[in-house]
Amino acid sequence: LREQLERYRRLNPDRFQFAFVDPNRDPLTIQRLQVTQNNTLVVEAGESRQQLPQPPAPELESKLTPVLSKVVNRGELLAYFVQGHGEVGLEAREGTPTLAQAVAALRQEGYRVEPLNLVQAEIPDETEVLVLAGPQRALFPGEVEKLQDYLAKGGRLLLLIGPRVDAGLDPLLEEWGVVLGDDILIEVSSVSQLLGTGPAVALVTTYGDHPITAPLAEQRLMTLFPLARSVETQAREGIQATPLLRSSPQSWGETSPNLEAGPVQFDPDQDKPGPLTLGVALTRQVKGDQNNSEAQESPTEARLVVIGNVNFALDGNLRQQGNRDLFLNTVNWLTERTEQISIRPKSITDRRLTLT
């Protein structure tokens, strides 16, 4: 533990110090810190303080770094997930795909995750990021207007929209120049055959020049997207769009409504040839009242990320290759937590390997 904490101190000796406290020798410090168990780490910055049980050595960095960020930034960031249209659930349920692992990962990054029904409530002012994950039915026009107003004020929105779904977001997408493809990405590359993932799982190894995907490209990490749709952009004044994810040249956008009918084959008259984009990041400057002090403190830039898939973030899939890092990097970029964008240390896990 001392060696690992010393690494933190060497990186920034002016701002990071640590000490070991023996409860028997220094009971006054233990009382001030309100520690009740041995092997407890206490992170303290000014008046902000948080405890955590000492994690195993391989997990110390992944457990301690989010707590450091949370304490230094004085509290959690609030992430709302829109509910009410068949979106993926946030709590684990046996036999049902959920975002429970993604929610747990966000909490480790210092976020407080809450559900939000836009029919019953307005978008709270303290919202750092809003997520619409896998809706199965269209939002009401009034809900879409709330999302548009939220972005107009400098909001941060993540849309995870799978194929063959009309989420009713046309006014918002048209405003931002985003076009969701009426297709399903089919992958027939040699890598897909090697992994045995099946043709309906899009594999991404090519990334756009963007902070979200830069660590993935640097580490040459693959991301997997079961049942994804393409996402295209059209030029809009004042909006900057950057492609994030590109499928392989051996992929295509299948437009046939019935994939179960038999082996899928590329139809040059109807299907979209690859490589195709399945995720984009967009920004737009917010025009505020420069004479208003509150306006000057509010975000000067609205941010929107659209990915034509939600399955990559579901329980089980989230831990595949670089999926977890992609999801967390996306949320951290939306909230401008650029220091959190990285490839996170992986916990040691026992896995069984049977050799043929």
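The values are calculated or read from the model by the stated rules, or taken from the named source; none is laboratory data. The structure presented is a predicted model; accordingly, all values stated were derived computationally and were not measured. As a convention, Cβ positions derive from the backbone with ideal geometry for all residues, glycine included, and neighbour counts pool all protein chains shown. Note: areas computed on protein heavy atoms with side chains; ligands, DNA, RNA excluded. Shrake-Rupley method; radii C 1.70, N 1.55, O 1.52, S 1.80 Å.
Principal-axis analysis of the Cα atoms of the chain puts helix 60-72 at an angle of about 80° to the longest axis.
With all protein chains in place and ligands, DNA and RNA left out, the 1.4 Å accessible area ranks 63, 287, 153 as 287, 153, 63, largest first.
Applying 0.36 nm per residue to the separation of residue 145 and residue 32 and subtracting their alpha-carbon distance, the gain on full extension is 35.7 nm. With a Förster radius of 25 Å applied to the C-beta separation of residue 94 and residue 52, the computed FRET efficiency comes to 0.30.
The packing ranking of peptides 79-92, 301-314, 44-57, highest mean first, is 301-314, 79-92, 44-57, where packing means the average number of other beta carbon atoms within 10 angstrom of each residue. Net length available on complete extension from residue 137 to residue 214 is 24.4 nm, with 0.36 nm assigned per residue and the Cα-Cα distance removed. Per residue, the convex hull spanned by the Cα atoms of the stretch 23-66 measures out at 80 cubic angstrom.
Dipole check for the chain: with +1 at the C-beta of Lys and Arg, -1 at the C-beta of Asp and Glu, and the Cα centre as origin, the magnitude is about 1400 Debye. Where in the stretch 1-29 does the label zone of residue 338 land, with the point 7 angstrom along Cα→C-beta and an amide N cut-off under 13 Å? Hits in the stretch 1-29 for residue 338 at 13 Å: none. Accessible surface computed residue by residue for the stretch 1-84, with neighbouring protein chains in place and a 1.4 Å probe, gives 69 Å² per residue. Putting +1 on Lys and Arg Cβ atoms and -1 on Asp and Glu Cβ atoms, find which of 257, 188, 211 reaches farthest to the positive end of the dipole of the chain. With unit charges placed on the Cβ atoms, the residue in question is 211.
Helix 2-11 and the longest principal axis of the Cα set of the chain meet at an angle near 70°.
Dividing the alpha-carbon radius of gyration of the stretch 17-149 by 2.2 N^0.38 Å (N being the number of residues), what value is obtained? Spell out each step's value before the answer.
Numbers: Rg = 19.7 Å, N = 133, 2.2 N^0.38 = 14.1 Å.
Working it through for the stretch 17-149, the quotient is 1.40.
Kindly identify the stretch 138-177 as rounded, prolate or oblate by the Cα gyration tensor criterion: order the square roots of the eigenvalues as a ≥ b ≥ c, call it rounded if a/c is under 1.5, otherwise compare a/b with b/c, prolate if a/b is larger, else oblate. Verdict is prolate for the stretch 138-177. The DSSP beta bridges internal to the chain are antiparallel in roughly 65% of cases. Cross-chain or 8 or more residues apart, Cα under 30 Å: how many lysine pairs in the chain fit that? Count them up, please. Close lysine pairs under the 30 Å cut-off: 6.
With every protein chain in place and a 1.4 angstrom probe, the accessible-area ranking of 96, 277, largest first, reads 96, 277.
For the pair residue 4 and residue 250 in one chain, pulling the backbone fully straight at 0.36 nm per residue adds 84.1 nm over the alpha carbon distance.
Placing unit charges on each Cβ (+1 for Lys and Arg, -1 for Asp and Glu) gives the stretch 83-187 a dipole about its Cα centre, and among 135, 100, 162 the Cα reaching farthest toward its positive end belongs to 100.
The angle between the Cα long axis of helix 141-152 and the main principal axis of the chain comes to about 60°, on a 0 to 90 degree scale. Along the Cα→Cβ direction, 7 angstrom out, place labels at residue 22 and residue 119. What is the inter-label distance in nm? About 6.4 nm, to one decimal.
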